[in-house]
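Enquirer: Starting off with a structure, shown below.
The values are calculated or read from the model by the stated rules, or taken from the named source; none is laboratory data. Only a predicted model underlies this, so the values are computations on that prediction, with no experimental measurement involved. A quick note on method: Cβ atoms are made from the backbone with ideal geometry, for glycine too, and the neighbour counts reach across all protein chains shown. To get the accessible areas, we keep the full protein, side chains included, count just its heavy atoms, and leave off ligands, DNA and RNA. Shrake-Rupley method; radii C 1.70, N 1.55, O 1.52, S 1.80 Å.
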Amino acid sequence: QLRAGRSRIMALLVLDLGNPFFVDIARGAEETAQDEGLHVITCDSGHQAEREVSYLSMLAEQRVRGVLLSPVDTSGAALETFRRSEIPYVFVDRRVPADEASSVSVDDVTGGALAARHLVETGHTEIAFVNGPAILAQCRDREAGVRSVLDASAARLSVLETSELDVASGRDAAARLLGMSPRPTAVFCANDLLALGVLQGMVAAGVRVPDELAIVGYDDIEFAGAAAVPLTSVRQPARRLGKAAAELLIAETGESERVPERQTVVFEPELVVRASTRLTR
Ligand code: RIB
């Protein structure tokens, strides 16, 4: 029976491998794991809490060295049984608030503020924010950042909430935006998949981007820059997130009996300006 942490396998359990953001996190974790002679298995919970529980149970049985986790269930219920395995875990991208495990994330309040400030500075006064479900701290924080800027500006904000953070939900949001009166002249989306869906819907409707509608995304995945109209996006350093989370987990599962201090690592986002927004007022 392997003692917890003696396996050479590190597991990464993410929300959605259909989102390149998580693939970049996996790449970062792999780079760090390989440097340590470890292997990474990547599991996809597909935003489903029951799949998350099932994967955690399998990983406990396999006595993996540790788990990097981007939790679906941020209430922590999914982790209750897993904790009994005493296998170390580190949160990446989002965390269970009450859990004291180490975590690596990005300051999403600043991220939302960066997007909103760029739209105000380029002259927009009718701005929409297409957000994901409020159960996710990321979405709440990005919205808080948007409001911190727009509340202090002359711009009017309309918030549209989607149930998923994916391209299809972005296309649905585009249809809703086209029906609004007055129609916003700019839209900030809670991630790049939503923004790519909005862009797809607008191009299909013959709306000129950015002249009739400016679009800003979030994450800066590889496809943001390669989009039909290259997307302005708030970059999350996904690979660095993956590397940092793997480094924390390796430190917490090392040879020494001394368990290092839990750490909360927060990276700063940056705005990457491209053709989907205007450069000047
Ligand atoms: O999981 C959906 C989103 O949350 C990703 O696009 C990334 O922004 C993460 O923080």
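Enquirer: Report, ordered by the first and then the second residue, all pairs with beta carbons closer than 6 Å, sequence separation of six or more or different chains, a first member in region 249-265 that is farther than 15 Å from residue 66 by Cβ and in contact (Cβ under 8 Å) with a residue 60 or more places away in the chain, and a second member that is outside any loop (DSSP other than H, G, I, E, B) and open to solvent by less than 70 Å² (accessible area, probe 1.4 Å).
Expert: These pairs meet every condition: 264/103; 265/104; 265/244.
Enquirer: Still on this structure, I have one more. For the condition farther than 27 Å from residue 94 by Cα and crowded, with 24+ Cβ neighbours inside 10 Å, what is the one hit in 195, 186?
Expert: 186
Enquirer: Next up: Residue by residue through region 238-281, note down the ones that are within 12 Å of residue 92 (Cα to Cα) and open to solvent by less than 70 Å² (accessible area, probe 1.4 Å).
Expert: Listed by number, the residues that qualify are 238, 241, 242, 243, 244, 245, 246, 248, 249, 265, 267.
Enquirer: For the subset of region 34-57 comprising residues that are touching a strand residue (DSSP E or B) at 6+ places or on another chain (Cβ under 8 Å) and among the aliphatic types (A, V, I, L, M), which member is farthest from residue 249 (Cα to Cα)?
Expert: Checked region 34-57; the qualifying residue farthest from residue 249 (Cα to Cα) is 56.
Enquirer: Next question. Residues that are touching a residue at least 24 places away in the same chain (Cβ under 8 Å) and open to solvent by 60 Å² or more (accessible area, probe 1.4 Å): list the strands (runs of 3 or more DSSP E) wholly contained in region 26-143 that include at least 1 such residues.
Expert: 39-44
Enquirer: Filter region 219-267 down to the residues that are part of a loop (DSSP other than H, G, I, E, B), of a type outside the set (S, T, N, Q) and either within 14 Å of the ligand (Cβ to nearest atom) or within 13 Å of the chain's Cα centre (by Cα) (or both) and list them by number.
Expert: 220, 221, 231, 237
Enquirer: Moving on to the next point. Residue 206 passes all but one of (1) at positive phi; (2) at pLDDT below 95; which number fails?
Expert: So the condition that residue 206 fails would be (2).
Enquirer: In the set 181, 153, which member is in a loop (DSSP other than H, G, I, E, B), among the polar types (S, T, N, Q), farther than 19 Å from residue 110 by Cβ and open to solvent by 30 Å² or more (accessible area, probe 1.4 Å)?
Expert: 181
Enquirer: For residue 175, indicate whether it is part of a loop (DSSP other than H, G, I, E, B) and either among the hydrophobic types (A, V, I, L, M, F, W, C) or open to solvent by 10 Å² or more (accessible area, probe 1.4 Å) (or both).
Expert: no
Enquirer: Please state which one of 152, 144, 168 is more than 13 Å from the ligand (Cβ to nearest atom), out of contact with any His (no Cβ under 6 Å at 6 or more places or on another chain) and under 21 Å from residue 235 (Cα atoms).
Expert: 144
Enquirer: List the number of the failed condition for residue 10; all other conditions in (1) open to solvent by 30 Å² or more (accessible area, probe 1.4 Å); (2) more than 16 Å from the ligand (Cβ to nearest atom) hold.
Expert: With respect to (1) open to solvent by 30 Å² or more (accessible area, probe 1.4 Å); (2) more than 16 Å from the ligand (Cβ to nearest atom), residue 10 is out only on (1).
Enquirer: Would you confirm whether or not region 6-22 contains a residue that is within 30 Å of residue 168 (Cβ to Cβ), touching a Lys or Arg at 6+ places or on another chain (Cβ under 9 Å) and assigned to a loop (DSSP other than H, G, I, E, B)?
Expert: Yes, region 6-22 contains at least one residue that is within 30 Å of residue 168 (Cβ to Cβ), touching a Lys or Arg at 6+ places or on another chain (Cβ under 9 Å) and assigned to a loop (DSSP other than H, G, I, E, B).
Enquirer: Going through region 202-231 one residue at a time, which ones are touching an Asp or Glu at 6+ places or on another chain (Cβ under 9 Å) and crowded, with 20+ Cβ neighbours inside 10 Å?
Expert: 202, 217, 218, 219, 220, 221, 224, 227, 231
Conditions (1) within 14 Å of the ligand (Cβ to nearest atom); (2) small (Gly, Ala, Ser), marked per residue:
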| site | (1), (2) |
| --- | --- |
| 64 | no, no |
| 81 | no, no |
| 85 | no, yes |
| 103 | yes, yes |
| 121 | no, no |
